[in-house]
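Here the structure comes first, spelled out in structure tokens, and everything after it is commentary.
Please treat every number below as a calculation from the coordinates, not as lab data. The model shown is predicted, which means the values in this text are computed figures rather than measured ones. As a convention, Cβ positions derive from the backbone with ideal geometry for all residues, glycine included, and neighbour counts pool all protein chains shown.
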Amino acid sequence: MGVHHLAVAVKDVAKAHEFYTEAMGFELAKVVKRQTPEGGWTKHIFYDIGDGTLFAIWDLRGIEGVVIEADAWEGGMSTGAGLPYWVNHVAFQVPDRAALDAKKQRWLDYGKNVVEVDHEFIVSIYTKDPEGTLVEWTMATRALTADDRKEAERLLADDTPATEPDYEGVITKSPKRALTV
């Protein structure tokens with residue numbers, strides 16, 4: 001069973017649209033413009049990300065002043081909820097190292113800095129969208145095993161503080177502009 005789509009609310013639809021089409025390479029697939037149950041209206045903007053999966057952004061401008069005040073909410077999956085930027089994020093999959101390197105180069109060419117992290121079972125690259133949502137391209141480096149599941153069950157039940165440090169990342173700065181990741 002796959003995921004049909006994931007949707008995130010954005011404040012600046014034009015910047016988000018540019019990022020997801022230009023930097024991410026997603027193709028605009030569908031826009032649904034409807035009234036909301038509470039009043040006002042929205043646009044639900046869908047992008048084809050491949051393999052029948054969609055990613056969507058919400059244009060909520062039609063509900064500001066009706067359902068919610070414009071300054072009462074923030075974009076960014078984590079920062080909008082008052083969490084550190086790295087907590088809630090979106091990870092998109094690539095099949096191999098060549099595809100991961102191509103995505104990394106696309107981000108660098110777009111002017112985004114990129115962090116690469118080897119997570120032992122996946123290698124990921126990260127940057128932020130215009131709203132501050134962390135986006136990730138990830139490549140599996142090995143299949144998960146029965147031992148991984150056993151360890152997962154053990155760690156799920158273990159409430160002692162972690163003793164292993166966070167993964168180290170390597171930052172590649174875009175030659176186009178010195179933006180933060």
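Summary table
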item: Hypothetical label at K43: residues of segment 1-22 whose amide nitrogen lies under 19 Å (7 Å Cα-Cβ projection); result: 6-22
item: Fraction of beta bridges assigned by DSSP in the chain that are antiparallel (%, nearest 5); result: 70 percent
item: Anisotropy class of segment 74-162 from Cα gyration tensor, a/c 1.5 cut; result: oblate
item: Top of L155, L28, L134 by mean-square fluctuation, Gaussian network on the chain, Cα under 10 Å; result: L155
item: Cα gyration tensor shape for the chain, rounded if a/c is under 1.5, else prolate or oblate; result: prolate
item: Share antiparallel - DSSP beta bridges, segment 1-104, percent rounded to 5; result: 70 percent
item: Charge dipole (debye, nearest 20) of segment 86-181; +1 at Cβ of Lys and Arg, -1 at Cβ of Asp and Glu; result: 680 debye
item: Loop sites in segment 70-156: GluC sites (Glu not before Pro), DSSP, at most 12 other Cβ within 10 Å; result: E120
item: Under 26 Å from K15, Cα to Cα: lysines that are on another chain or at least 8 residues apart; result: K30, K33, K43, K103, K104, K112, K128, K173, K176
item: Overall form of segment 106-156 per C-alpha gyration tensor (a/c, 1.5; a/b vs b/c); result: prolate
